[in-house]
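One structure is given below, encoded as structure tokens.
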Amino acid sequence: MHHIAIEPSILYFGTPVVLLSTENQDGTFNLAPISSAWALGQTVVLGLGRDGQTAHNLTHRPDLVINLPAPDQWPAVERLAPLTGRHPVPATKAEGCRHEPDKFGAAGLHPAPSHTVRPPRVSECPLHLEARAARVRPDAEGDFLIVEAHVRKVHADPRLTVPGTDHISPAAWSPLLYNFRHYYGLGPELGRSYRAAAPTAAGR
Ligand SMILES: Cc1cc2nc3c(=O)[nH]c(=O)nc-3n(C[C@H](O)[C@H](O)[C@H](O)COP(=O)(O)O)c2cc1C
């Protein structure tokens, strides 16, 4: 295989999009799309721009919900993209970014009460992880916050589960992927890990 050396301005190589609901100082709730998120056991690690409202909220109020949208919900995600809950808008935000106190309304999404944390879930998202930030610290450069959030409760659309089990069916669930700033879903299954628990078409 032949390779060339390149210098891409971003390295977003395709990670799932989540919508983080967090609590603002005045008791209202913020909602923000994030793609720097991955799971380690029952912990989800998040990478947040230091100046955003989400970073500010999690520094002071650790409760959050990690809401996972389905691929066809990308327009709602994109409606949130130019918005911040921060006022005034920090100079470090991307050009065109504007303050919006009602992110749920702006996205056309609806809050549903959580069971173990204060911020609400996003009713339209098929998967919700209620969580609490256990550690929030700056990255080595000081531009981002690295958040370790412990998941306390998981809610799933029952159509995504393997009936009678606690498994999410990988055949039924597809994340929304942020692939170098473009939105994608998954293609057909290619194979399974030797540790896969739920049966799938390729695994049977
Ligand atoms: C699909 C998508 C993925 C994003 N991923 C991240 C991310 O991983 N970390 C981050 O800090 N911002 C990310 N952003 C940008 C934030 O959503 C944006 O800065 C927003 O203004 C944050 O809102 P807040 O200031 O109310 O927290 C992403 C935006 C989009 C649309």
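Please treat every number below as a calculation from the coordinates, not as lab data. The structure presented is a predicted model; accordingly, all values stated were derived computationally and were not measured. Methodologically, a virtual Cβ is constructed for each residue, glycine included, from the backbone with ideal geometry; neighbour enumeration extends over all protein chains shown.
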Give me the distance in nm between label points sitting 7 Å out from Cα along the Cα-to-Cβ direction at S169 and H115, one decimal. 2.2 nm
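Determine the relative contact order of the chain: mean sequence separation of Cα pairs under 8 Å and six or more apart, normalised by residue count, in whole percent. Each step should come with its number before you reach the end.
Details: 420 pairs, mean separation 47.1, N = 204.
Once normalised by length, the contact order is 23 percent.
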So for the pair R132, L186, with labels modelled 7 Å out along Cα→Cβ, what separation do we get in nm? 3.1 nm
Projected label distance in nm at S193 and I10, using a 7 Å step from Cα toward the beta-carbon: 2.6 nm
Qualifying GluC sites (Glu not before Pro) for the stretch 69-139 [loop in DSSP, other Cβ within 10 Å: at most 10]: E95
Report the gain in length on full extension from A94 to V154: 0.36 nm times residue separation, minus Cα-Cα distance, nm rounded to one decimal. 18.3 nm
I need the phi-derived Karplus couplings for the stretch 63-69: 6.51 cos²θ - 1.76 cosθ + 1.60, θ = phi - 60°, integer Hz, Gly and Pro marked x. 6, 7, 10, 9, 9, 10, x
Which of H110, H150, Q73, positive extreme of dipole for the stretch 15-160 (C-beta unit charges): H150
H167 long-range amide H proximity, modeled H, under 5 Å: V162
Just want the answer: with Cβ charges of +1 for Lys and Arg and -1 for Asp and Glu, which residue in L127, V18, I168 is farthest toward the dipole's positive end in the chain? I168
Rounded, prolate or oblate: pick one for the stretch 45-143, where a ≥ b ≥ c are the square roots of the eigenvalues of its C-alpha gyration tensor, a/c under 1.5 means rounded, and failing that, prolate if a/b is larger than b/c, else oblate. oblate
For the stretch 1-34 and the stretch 82-155, what is the separation of their C-alpha centers, rounded to whole Å? 11 Å
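For the stretch 140-201, which GluC sites (Glu not before Pro) pass both filters: DSSP loop (anything but H, G, I, E, B) and at most 16 other C-beta atoms within 10 Å?
E141, E189
Given the stretch 1-78, report the % of alpha carbon pairs whose separation exceeds 21 Å. Show your work: numbers first, answer last.
Numbers: 1148 of 3003 pairs.
Taking all Cα-Cα pairs of the stretch 1-78, the fraction more than 21 Å apart is 38 percent.
For the chain, what is the charge dipole size about the Cα centre, in debye to the nearest 20, if Lys and Arg each add +1 at the Cβ and Asp and Glu each add -1 at the Cβ? List each step's numbers first, then the result.
Values: 19 positive and 19 negative charges, 89 e Å.
Rounded to the nearest 20 debye, it is 420 debye.
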